[in-house]
1. Treating only the Cβ atoms of Lys and Arg (+1) and Asp and Glu (-1) as charged, compute the dipole magnitude of the stretch 6-88 about its Cα centre; round to the nearest 20 debye.
2. Leaving ligands, DNA and RNA out of it, report the carbon-plus-sulfur percent of the accessible area of the stretch 32-116 at a 1.4 Å probe.
3. Return the FRET efficiency for the residue pair Ala23, Asp61: r is the Cβ-Cβ distance, R0 is 35 Å, and the value is rounded to the nearest 0.05.
4. Between Rg and the Kirkwood Rh of the stretch 21-70, both from Cα atoms, what is the Rg to Rh ratio?
5. Can you work out the FRET efficiency for the pair Ser7 and Ser115, with r the C-beta to C-beta distance and R0 = 25 Å, to the nearest 0.05?
6. Counting Lys and Arg as +1 and Asp and Glu as -1, what is the net charge of the other residues whose Cβ lies under 11 Å from the Cβ of Val63?
7. Quick one: Karplus J couplings for the stretch 22-30, per residue in order, coefficients 6.51, -1.76, 1.60, θ = phi - 60°, nearest Hz, x for Gly and Pro?
8. What whole-number value in cubic angstrom gives the convex hull volume per residue for the C-alpha atoms of the chain?
Amino acid sequence: QVQLVESGGGLVQAGGSLRLSCAVSGSIFSINSMSWYRQAPGKQRERVAIILRGGSTNYVDSVKGRFTISRDNVKTSVYLQMNSLKPEDTAVYYCGVDVERAGFYWGQGTQVTVSS
């Protein structure tokens, strides 16, 4: 079993910053990728950022230059630093981990609300 525990969401004013964390534990052979998704009310879940095993990253266009994904291989954690937040960033944010020989796992989600 693989468990993901997220933290760091909350309410922030536009222009502010938040840092999301996701701790991964359990039977982990190897992690192929770690990612952050978000889902706003009435919208489909979208991938915001991904970091691959080799360290390369990719972001959805709407967050480029504002969000940064990083990881701690020792702690098996993934982070999302979110700067210059906008009201349209309001959503439930989920971390996702692709574990080799085990599958894809989701965190429980954390609410991020950006007020104008």
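1. On the way: 11 positive and 5 negative charges, 14 e Å.
For this selection, approximately 60 debye.
2. On the way: 2020 of 4410 Å².
Percent of accessible area from carbon and sulfur atoms in the stretch 32-116: 46.
3. Numbers: r = 28 Å, r/R0 = 0.81.
Efficiency, rounded to the nearest 0.05: 0.80.
4. Values: Rg = 12.5 Å, Rh = 12.3 Å.
The Rg/Rh ratio comes out at 1.01.
5. On the way: r = 21 Å, r/R0 = 0.82.
The formula returns an efficiency of 0.75 here.
6. Numbers: positive: Arg38, Arg47, Lys64, Arg66, Lys86; negative: Glu46, Asp61, Glu88, Asp89.
Taking every Cβ under 11 Å from that of Val63, the sum is +1.
7. Karplus values, whole Hz, x for Gly and Pro: 9, 9, 10, 9, x, 7, 10, 7, 6.
8. Values: hull volume 10.7 nm³, N = 116.
Each residue corresponds to 92 Å³ of Cα convex hull volume.
The values are calculated or read from the model by the stated rules, or taken from the named source; none is laboratory data. This structure is a prediction, so every number in the text was calculated from the model and none was measured. Cβ sites come from the backbone with ideal geometry, for glycine too, and all protein chains shown count toward neighbours. Side chains included, ligands, DNA and RNA excluded: accessible areas come from the protein's heavy atoms. Shrake-Rupley method; radii C 1.70, N 1.55, O 1.52, S 1.80 Å.
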